[in-house]
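Heads up, the thing below is written out as structure tokens.
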Amino acid sequence: MSKKIQVSTTINGEPVEFLCESNQSLLEVLRDGLNMTGSKEGCNNGNCGACSVLMDGRLVNSCLVLGAECEDTKITTIEGIAPKEGLHPLQQKFLEHAALQCGICTPGFIVAAKALLDTNPHPTEHEVRYWLAGNLCRCTGYDKIIRAVLDTAGVSS
Amino acid sequence: MQNFEYLKPTTIEQAVAVLYREGEHAKALSGGTDLIVQLREGRRSAKYVLDVKKIPDLSQLTLNNDGSLIIGAAIPCHQIYGNAAIAASFPGLMDSFTLIGGTAIQGRASVGGNLCTASPAGDSIPSLIAHRAVCVIAGTGGWREVPVEAFCTAPGRNGLQRGELLVSLRIPAQPAHSGGAYLRFIPRNEMDIAVASAGVTVTLDGNTITNARVAIGAVAPTPLLVIEASAALIGNSTSDTSAINACAVAAQAAAKPITDMRGTVEQRVHLVGVMVKRALAIAIERANR
């Protein structure tokens, strides 16, 4: 076994230090090491987007990032999306539009949609669909998710 | 995932020393969107993984005053198309960088990695060839340069020798009245692997094509530069349909595809001709802007 690597990072605004194996992904660190199980493991190869997190503000698949690569980065996970009280507007709109069924993909969609609205507050439907193409949902057929994101942005669909 | 030692070299010298000492047991990591999947699935093995993103030369992205471009091998796609000046100067390259994977993949995946993975269907490679990109390679014995069309040697194999590291891609300035485009055929709208693809650049003098580069992907063991397709265009008018047809036929003749789950030989040969013609039309339209 290789020696554990110490990593200093910021997760959801809080300084976090963790120890990880060189071969542990950020997703494994979050779920198994830090008990932050909001980010989901779907495909574990970068296709499904269930593990989406923000790394220095940029949307990434946490299954394709090594924990060791997170030194001095700022990570935002689904646990950091909602304010202390209540829901993030995206979460509220996902509820109103019934944009989830089984819910496994939902944290990834919320994080990915937040990344979109942070950079493009009023996207077109086309932009939303392309931005979220890396997030798979096998329940909803996507339309309700797209409507929830557009409604959050104040764009009618 | 298999166990390995994670190293974070900060200089090219450190990186190539390990790559030379360990040979195939050491792998360079930039975005990780291919390498981490391959290590996890046991398709590749490594004792040492070298995170090369802290090496300054691999993380440079420079649009020079003369219009030439340097893309560090570890620069992720989003950083390139997120640079307005670069995106405006090289729209044909942006065609590729904006369709490699989805948003999250583009947040990590590097152009250098796409090239080193050397997939026959790698979306950046025909564009880089069409834009005359050159690989800048460091090794224990010094530096060398290889045109992108000579870099990939077989599916999943590239020409890097023991101890060598792809440092950057050097793309010459596009002459005035030039345009480029990349198109791929996939059976859906997004997030798929090319069945056939084409990257094209042209330079115009009025309506005359004075220079052209045609490259094709997913129709041979490696992406190909098709000199005969380029030659069919040069000296002819942008509206000369017989020249444009000759260009597409030359590309089809160069294609040596296989039949697999994505398409048959016949379909790929047909499609690559269509992709070349359509990419050419876009490149001409951009050159006229």
Checking A:ALA82 against (1) buried (at least 21 other Cβ atoms within 10 Å of the Cβ); (2) within 22 Å of A:ASN35 (Cα to Cα), the condition it does not meet:
(1)
Please count how many residues of the range B:8-42 are more than 10 Å from chain A (Cβ to nearest Cβ), basic (Lys, Arg) and surrounded by 18 or more Cβ atoms within 10 Å (Cβ to Cβ).
1
Of the criteria (1) of a type outside the set (A, V, I, L, M, F, W, C); (2) buried (at least 24 other Cβ atoms within 10 Å of the Cβ); (3) within 20 Å of B:ASP57 (Cα to Cα), which one B:ASP123 fails
(3)
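Identify all residues within the range B:224-269 that are acidic (Asp, Glu) and farther than 21 Å from B:ILE125 by Cβ; write none if there are none.
Step one: of the range B:224-269, the residues acidic (Asp, Glu) are B:228, B:240, B:260, B:266.
Passing the criteria: B:ASP240, B:GLU266.
Here's the yes/no breakdown for (1) within 14 Å of another protein chain (Cβ to nearest Cβ); (2) in contact with a Lys or Arg (Cβ under 7 Å, 6 or more places away or on another chain); (3) on the phi < 0 side of the Ramachandran plot; (4) modelled with pLDDT under 95:
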| site | (1), (2), (3), (4) |
| --- | --- |
| A:ILE104 | no, yes, yes, no |
| A:ILE110 | yes, no, yes, no |
| A:PRO121 | no, no, yes, no |
| A:GLU125 | yes, no, yes, no |
| A:LEU136 | yes, no, yes, no |
| A:GLY141 | no, no, no, yes |
| A:LYS144 | no, no, yes, no |
| A:VAL149 | yes, no, yes, no |
| A:THR152 | no, yes, yes, no |
Selection from the range A:129-154 of residues touching a residue at least 40 places away in the same chain (Cβ under 8 Å) and either assigned to a loop (DSSP other than H, G, I, E, B) or of a type in the set (Asp, Glu) (or both) yields A:ASN135, A:LEU136, A:THR140, A:ASP151
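Pick from B:SER45, B:SER59: which is away from every other protein chain (no Cβ under 11 Å), among the small types (Gly, Ala, Ser), surrounded by fewer than 19 Cβ atoms within 10 Å (Cβ to Cβ) and under 18 Å from the mean Cα position of the chain (by Cα)? Talk me through it step by step, then tell me what you get.
Working: B:SER45 fails: under 18 Å from the mean Cα position of the chain (by Cα).
Checking each option against the conditions leaves just B:SER59.
Identify, from the list B:ILE80, B:ILE105, the residue that is over 30 Å from B:THR140 (Cβ atoms) and within 14 Å of another protein chain (Cβ to nearest Cβ).
Numbers: B:ILE80 fails: over 30 Å from B:THR140 (Cβ atoms).
One residue alone meets the criteria, B:ILE105.
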Of a type outside the set (Ser, Thr, Tyr) and assigned by TED's automatic domain parsing to the domain that holds A:TYR142: does that describe A:CYS105?
yes
Assuming A:CYS70 fulfils every condition listed in (1) in contact (Cβ under 8 Å) with a residue 24 or more places away in the chain; (2) farther than 18 Å from B:ASN3 by Cβ; (3) surrounded by fewer than 22 Cβ atoms within 10 Å (Cβ to Cβ); (4) over 13 Å from the mean Cα position of the chain (by Cα) apart from one, which condition is it?
(3)
Taking the range B:150-187 on its own, how many of its residues are of a type in the set (Phe, Trp, Tyr) and either assigned to a loop (DSSP other than H, G, I, E, B) or not assigned by TED's automatic domain parsing to the domain that holds B:ALA88 (or both)?
1
Which of the residues spanning the range B:96-149 are closer than 20 Å to B:MET275 by Cβ, in a helix (DSSP H, G or I) and of a type in the set (Ser, Thr, Tyr)?
B:SER96, B:SER127
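The values are calculated or read from the model by the stated rules, or taken from the named source; none is laboratory data. Predicted model only: the values in this text are computed from it and were never measured. FYI the Cβ positions are ideal-geometry reconstructions off the backbone, even for glycines, and counts take in every protein chain you see.
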